[in-house]
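Here the structure is laid out as structure tokens; the discussion comes afterwards.
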Amino acid sequence: MEKEANEKTTEASTPTPAKATFPAKWIIVGLLALILIGGGVFVALRYLPASNSSSNTAAKAEKSEKEVKVGVMYSMEPFIVNLLDKGGKRYLKVKMELEVPGERVTEELVRRKAQLRDTVLLLLTSKKFEDVNRLDGKFQLRNELIFRINQVLQTGKVQALYFTEFVVQ
């Protein structure tokens, strides 16, 4: 009996742990709620369209102005050149149109027609069949042509170059 009495007194003297985790649980729940609310606000601001109609209208008007601004097209006469291959058996026929910002640049293109043709001919005759046969080679040729033509021009720059005929044989 004495043992039972000693066990009861030791049980009674051992303090039960206090619920120290109660505030920690609520803090964690509160932080999770704040994170979820913050994420929802971020998604709403980032991906949903703005409700301010005046800013949407201004953005649409600006976008439509950019889309409408197409330059003046200048058509060049076709170029037929031998490619830089062994035996000179391959040739390239290219017809292109240049997009320029306005009529002033078009007038300069007409005045500098001989310089432009010379520049284009020298570049085209320096190419091999392998250079112009693949798609990436055509893009590279387009960029080189724009660069070289823009070096000749003084009043404006070529905005884009379009191949309207491209034959390699």
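Below are the figures for this structure:
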quantity: VAL167 being among the hydrophobic types (A, V, I, L, M, F, W, C), in contact (Cβ under 8 Å) with a residue 60 or more places away in the chain and farther than 17 Å from GLU99 by Cβ; calculated: yes
quantity: Filter result for the condition that a residue is of a type outside the set (Asp, Glu) and touching a strand residue (DSSP E or B) at 6+ places or on another chain (Cβ under 9 Å), over THR119, THR106; calculated: THR106
quantity: Of all residues making up region 110-158, the number that are charged (D, E, K, R) and under 18 Å from TYR91 (Cα atoms); calculated: 9
quantity: Condition met for LEU121 (at pLDDT below 95 and more than 20 Å from GLY156 (Cβ to Cβ)); calculated: no
quantity: Check on ALA59, part of a helix (DSSP H, G or I) and either surrounded by fewer than 10 Cβ atoms within 10 Å (Cβ to Cβ) or modelled with pLDDT under 75 (or both); calculated: yes
quantity: Test for LEU92: is it touching a Ser or Thr at 6+ places or on another chain (Cβ under 8 Å), assigned by TED's automatic domain parsing to the domain that holds VAL120 and either at pLDDT 75 or above or surrounded by fewer than 11 Cβ atoms within 10 Å (Cβ to Cβ) (or both); calculated: no
quantity: Extreme residue, farthest from ILE149 (Cα to Cα), among residues of region 79-114 that are of a type in the set (D, E, K, R) and part of a helix (DSSP H, G or I); calculated: LYS86
quantity: Single residue of GLU144, GLU107, GLU77 found to be under 30 Å from the mean Cα position of the chain (by Cα) and acidic (Asp, Glu); calculated: GLU144
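The values are calculated or read from the model by the stated rules, or taken from the named source; none is laboratory data. These numbers were taken from a predicted model, which means no experiment stands behind them. As a convention, Cβ positions derive from the backbone with ideal geometry for all residues, glycine included, and neighbour counts pool all protein chains shown.
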